[in-house]
Each structure stands twice: as structure tokens, then as C-alpha cells.
């Protein structure tokens, strides 16, 4: 390995993300952030390069994180040629929900005691008025992208998405409700 190359497994272990090339499994446990998005891109690119037809399993347990990193992670999953199965366990909240929902229907699973949560974006802005106005416009655009992913990848209508993400409170629910909303397809009854 060249000095400038990155050992993806070593890097991912430092950042709360782990992937296993032999079993084509990615464990995404922790905050959705830039480091996680980078490592997801790297892991999916490597696994796709090795065999674009072999399936990949992502295990997801996250309280969420920043919206830009979520958008990057969703893009990585949707652009990958490999069939991807995702399993939500523990908690799948906030920015983690669109990551679960973005996989193809029939490939999105939850464990029986998984808890999910959707809510409006949280942001604190300060600074020069023009910059605050610009940041507010950008935040509104990112929030619309977040909602569009949910509308495009689930059974949720725009009104239902608004009920869950624009009502100024955290909305918690279990796997049965997630399946009803089309965020996931089924609840696991045994280990995959």
C-alpha cells in the first residue's frame, strides 16, 4: 500500500463504522456525519469493484446526524450497482430514517424492538443578517430534499411526511408503524 493510500478498514474502525469485506457487510452504528459518509462511499466503491453483482448488507443503528452527510450516504447507496439489503436495529432516528428508506423495496428490514423517530430539522443560526438569511434558505432546501426522499422511497404522502417532520415535535414509532408507512418492508423474525 502506498503511503498516501487509506486503509479503509482501519479508518472506519476509528469512526464508528465497520465493514467486513469477506461477508460484504457494513455496520453503520453511530452518528451520521462526514466521516461516516466518506467511509460508506469508500466501502461501497470497494465492494462494487470486487463484485458488482454480489449483495451487500448494511446494519444500521443511529440516532441520526447532519442532513448533508445523510444526503451523501443516500446517494452512495442508491448509486451502488450491487444489490443492498439494510437492517435497522436498536434506533433508527432522524437522518438515519431516509438511509433505511432509500434501499429498494423488498430489501429494507427492522428488528422487532427497533425504535424510529422523525422530527423537524434543528438549527441554530447567528451572524450577519444576510448570511443568516442565506443559511435559512439553504436549510429550507435541505429540509425539502429530506422530505422528498421520504415521499419518493416510502408510502408516505406529502401530508403524512409533513405530519411527521413539520409538527415541531419528535415523533417516535415502532417497526410495525414503519412498515405501514413504507419506511421498511418487514420485521425480521430470525437472523439473516
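The values are calculated or read from the model by the stated rules, or taken from the named source; none is laboratory data. Given the structure is predicted, the values throughout are model-derived calculations rather than measurements. FYI the Cβ positions are ideal-geometry reconstructions off the backbone, even for glycines, and counts take in every protein chain you see.
Quick one: residue 183 ticks every box in (1) touching a strand residue (DSSP E or B) at 6+ places or on another chain (Cβ under 9 Å); (2) in a loop (DSSP other than H, G, I, E, B); (3) crowded, with 16+ Cβ neighbours inside 10 Å; (4) without any contact (Cβ under 8 Å) to a residue 60 or more places away in the chain bar one, so which box is it?
All conditions pass for residue 183, except number (4).
So, in region 78-96, of the ones that are out of contact with any strand residue (DSSP E or B) (no Cβ under 6 Å at 6 or more places or on another chain) and outside any loop (DSSP other than H, G, I, E, B), which residue ends up nearest to residue 59 (Cα to Cα)? Steps first, please.
Within region 78-96, the subset out of contact with any strand residue (DSSP E or B) (no Cβ under 6 Å at 6 or more places or on another chain) is 78-81, 83, 94.
Cutting the leftovers down to outside any loop (DSSP other than H, G, I, E, B) gives us 78-79.
Working: 78: 16, 79: 18 Å.
Ranking the candidates gives 78 first.
For region 155-166, does any single residue satisfy the condition of being closer than 28 Å to residue 44 by Cα, out of contact with any helix residue (DSSP H, G or I) (no Cβ under 8 Å at 6 or more places or on another chain), without any contact (Cβ under 8 Å) to a residue 60 or more places away in the chain and outside any strand (DSSP E or B)?
Within region 155-166, none of the residues are closer than 28 Å to residue 44 by Cα, out of contact with any helix residue (DSSP H, G or I) (no Cβ under 8 Å at 6 or more places or on another chain), without any contact (Cβ under 8 Å) to a residue 60 or more places away in the chain and outside any strand (DSSP E or B).
Given (1) farther than 27 Å from residue 55 by Cα; (2) touching a helix residue (DSSP H, G or I) at 6+ places or on another chain (Cβ under 9 Å); (3) in contact (Cβ under 8 Å) with a residue 40 or more places away in the chain; (4) not in a helix (DSSP H, G or I), identify the lone condition not met by residue 143.
That leaves (4) as the condition not met.
Considering only residues that are at pLDDT 95 or above and loosely packed, with under 12 Cβ neighbours inside 10 Å, which ones fall in region 158-179?
158, 159
Among the residues of region 31-70, count how many are in a strand (DSSP E or B) and either surrounded by fewer than 22 Cβ atoms within 10 Å (Cβ to Cβ) or more than 13 Å from the chain's Cα centre (by Cα) (or both). Talk me through it step by step, then tell me what you get.
So in region 31-70, the residues in a strand (DSSP E or B) come out as 32, 56-62, 65.
Retained after the next criterion (residues that are either surrounded by fewer than 22 Cβ atoms within 10 Å (Cβ to Cβ) or more than 13 Å from the chain's Cα centre (by Cα) (or both)): 56-57, 59, 61, 65.
Total satisfying the criteria: 5.
Are any of the residues in region 2-18 modelled with pLDDT of 95 or more and in a strand (DSSP E or B)? Write out each step before concluding.
Here is the first cut: in region 2-18, the ones modelled with pLDDT of 95 or more are none.
The answer is no, given that none of the residues of region 2-18 is modelled with pLDDT of 95 or more and in a strand (DSSP E or B).
The rows are residues; the columns are (1) more than 23 Å from residue 39 (Cβ to Cβ); (2) surrounded by fewer than 23 Cβ atoms within 10 Å (Cβ to Cβ); (3) in contact with a helix residue (DSSP H, G or I) (Cβ under 7 Å, 6 or more places away or on another chain); (4) at pLDDT below 95.
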position: 73; (1), (2), (3), (4): no, no, yes, no
position: 89; (1), (2), (3), (4): no, yes, no, no
position: 120; (1), (2), (3), (4): yes, yes, yes, yes
position: 125; (1), (2), (3), (4): yes, yes, yes, yes
position: 129; (1), (2), (3), (4): yes, yes, no, yes
position: 133; (1), (2), (3), (4): yes, yes, no, yes
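May I ask you to verify whether residue 148 is surrounded by 12 or more Cβ atoms within 10 Å (Cβ to Cβ), under 29 Å from residue 57 (Cα atoms) and without any contact (Cβ under 8 Å) to a residue 24 or more places away in the chain?
Details: surrounded by 12 or more Cβ atoms within 10 Å (Cβ to Cβ): yes; under 29 Å from residue 57 (Cα atoms): yes; without any contact (Cβ under 8 Å) to a residue 24 or more places away in the chain: yes.
Yes, satisfied.
If a residue has to be assigned to a loop (DSSP other than H, G, I, E, B) and either surrounded by 24 or more Cβ atoms within 10 Å (Cβ to Cβ) or touching a residue at least 24 places away in the same chain (Cβ under 8 Å) (or both) to count, how many in region 97-112 make the cut? First the steps, then the outcome.
From region 97-112, those assigned to a loop (DSSP other than H, G, I, E, B) are 102-107, 111-112; that's our starting set.
If we keep only those that are either surrounded by 24 or more Cβ atoms within 10 Å (Cβ to Cβ) or touching a residue at least 24 places away in the same chain (Cβ under 8 Å) (or both) too, we end up with 102-103, 105-107, 111-112.
Counting residues in region 97-112 that are assigned to a loop (DSSP other than H, G, I, E, B) and either surrounded by 24 or more Cβ atoms within 10 Å (Cβ to Cβ) or touching a residue at least 24 places away in the same chain (Cβ under 8 Å) (or both) gives 7.
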